[in-house]
Structure formats: structure tokens, C-alpha cells
1. Being buried (at least 20 other Cβ atoms within 10 Å of the Cβ) and among the hydroxyl-bearing types (Ser, Thr, Tyr) is the requirement here; does Ser145 meet it?
2. Check Gly185, Gly136, Gly144 and return the single one that is within 13 Å of the ligand (Cβ to nearest atom), modelled with pLDDT of 95 or more and either over 21 Å from His80 (Cβ atoms) or touching a helix residue (DSSP H, G or I) at 6+ places or on another chain (Cβ under 7 Å) (or both).
3. Give the range 33-60 a look and list any residue that's away from the ligand (no atom under 16 Å from the Cβ) and of a type in the set (Val, Ile, Thr), or say none.
4. Just checking, does the range 128-137 include any residue being in contact (Cβ under 8 Å) with a residue 24 or more places away in the chain and open to solvent by 50 Å² or more (accessible area, probe 1.4 Å)?
5. Has the range 61-69 got at least one residue that is away from the ligand (no atom under 16 Å from the Cβ) and either surrounded by fewer than 18 Cβ atoms within 10 Å (Cβ to Cβ) or without any contact (Cβ under 8 Å) to a residue 24 or more places away in the chain (or both)?
6. If I filter the range 76-95 down to residues being over 13 Å from Leu32 (Cβ atoms) and within 15 Å of the ligand (Cβ to nearest atom), which single residue comes out as surrounded by the most Cβ atoms within 10 Å (Cβ to Cβ)?
7. Go through the range 49-82 and report how many residues are part of a helix (DSSP H, G or I) and out of contact with any Asp or Glu (no Cβ under 9 Å at 6 or more places or on another chain).
8. Could you grab me the full set of residues in the range 96-121 that are open to solvent by less than 60 Å² (accessible area, probe 1.4 Å) and closer than 27 Å to Ile15 by Cβ?
Amino acid sequence: MRILLSPDAAGAGEIAAAIIASSVGDRPAPVLGVATGSSPQPLYRALADRVQAGLDLSRAAAFALDEYVGLPVDHPESYHAVIAREVTGPLGLDPARVHVPEGAAADPAAAAARYEAAIAAAAGVDLQILGIGANGHIGFNEPGSAVDSRTRVVDLAPRTVADNSRFFDGDAGLVPTRALTQGIGTILDAREIVLIAWGESKADAVARAVEGPQTAELPASFLQRHDRVTLVLDAAAASRLSPASLPVEAAR
Ligand SMILES: N[C@@H]1[C@@H](O)[C@H](O)[C@@H](COP(=O)(O)O)O[C@@H]1O
């Protein structure tokens, strides 16, 4: 895993945006994997600045990682709404090429299978953007998720429901308890992965993802088996990594 550091979240966003621009900026029709949550927001802001300055993503396709089950698509905290607000608009994507799992479908399991088929039909994801949960989840692959899991319906861990209650007026009772998520296997099929993490609350999960054993108990640890992963971290998120894991200039 390549690790890049910035003193703060905004700087981490700039670094991640630069990687994305150089990886996919020259492709005529790249396929992006896009995450929601607070982690990628500095990245999207920095990428939006690049779009304002001339980066053209209008022919890019995008596949969101996950969506709540049972939330109407027009709910402001549905990932359909979040992706439209924070990604599609600011990055100048074509809404017709942006895909989000159908968490409001009558048959979510069938919707999961359709989503896998849609990713395959697009010839896979070129670059997957990831955040990480405080419990080491990626997408909504909670502890216990298998390395070869595919897009499916999952139950959210109590900690994730509590963490995400901040998006629902602080009321955990309003947070859906199930979601559709790309699986670990789906995520690992992406040709390149950029994970952004910032803040002290992610430091433990980051250290275990990088230095711990590969285990379903910390789903992000499975990223160790991908050969093109970059972690872009601020100082707080990197604070529990051993010096041996850090870039040479930071470890001195
Ligand atoms: N499903 C999302 C993930 O895709 C996200 O990466 C993670 C971290 O969230 P945040 O970035 O807000 O800390 O948990 C959320 O619940």
C-alpha cells in the first residue's frame, strides 16, 4: 500500500484529487467508483476546483459504493441524493452515467444482482474512491464481510448506525439498519483504489488496515491484497501507524 500524508484534511483532498486527475483525466470515458460520507468531501471539493479549471469528467461513468435500504431516493440523506448533491453536480458528471444501488427497490437482492451486472457491463471500475469507517468498514462491508463478497443486502453494525446518526438529526432511530453495498470482492476488482481518511477517529482503523493481519474483522485490511492502493491520510489519521509504514520523509 502506498501511503501519502498531508498535515490536514484539505491537503489530503488535494493530493487525492491530483491522483484521480492524473489517473483518469486523460481517459475518454473513465469509470469511477464513488464513496459518500464525510471522508471524501475534501477530495470532491479539490476535484471540483480542477473541473472548474478545465478537467472534463462529463463522459465519466460513476458507480456509488452503497445505499441505504428502505430510504426513498428523494430523502436528503439517501445516497442517491448525496451523490447528486456532492458528486454529480460539482464534478460535472452526466447524471445518466451515474449509478447508485437501488436501495428503495421492492426486491433489494435482485437490485444487488443488477448492480453487479451494470458494473460488469461498464467493463469494471477504473478508480475506486474509498473512505473508511471507524470500525474498519469499506462501503457498508461491516466486520465479518467475506473477502469475496459481492454487492448484497447487509445489516449495519450498531456503531455505524450511531456514527451516521449525525446525518439524521442525531437520532439513531431514524438511521436505516440495512443497506445495499458493493462487496469486498467487487471493490477489489477496481483497477486502482484511493482511500482518504482524516481525523483521530480513523487512526486505529487505518493502523489495523495497514499493519494488522488480513481479516474479515477489519474489512479494510483486505486492501493489502490489491497491488494499486493509495491511502491519503492527514496527520491525525496516520497517528497510530508505526514509523516503518510511513513515507520516508515523514518517518525521519
Ligand atoms: N457507507 C459509508 C462509507 O462509504 C464511508 O466510507 C464510511 C465512513 O464514513 P465517514 O467518511 O462519514 O466517516 O461510512 C459510511 O457509513
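The values are calculated or read from the model by the stated rules, or taken from the named source; none is laboratory data. Everything quoted here is computed from the prediction, not taken from an experiment. Here Cβ is always computed from backbone atoms with ideal geometry, including for glycine, and neighbour counts include all displayed protein chains. What goes into the accessible areas is simple: the full protein's heavy atoms, side chains included, and nothing from ligands, DNA or RNA. Shrake-Rupley method; radii C 1.70, N 1.55, O 1.52, S 1.80 Å.
1. In short, yes.
2. Gly136
3. Once the filter is applied, which keeps residues that are away from the ligand (no atom under 16 Å from the Cβ) and of a type in the set (Val, Ile, Thr), the range 33-60 yields only Val51.
4. Looking for residues that are in contact (Cβ under 8 Å) with a residue 24 or more places away in the chain and open to solvent by 50 Å² or more (accessible area, probe 1.4 Å), one finds none in the range 128-137, hence no.
5. no
6. Across the range 76-95, the extreme among qualifying residues is Tyr79.
7. 4
8. Within the range 96-121, Val98, Val100, Ile119 qualify.
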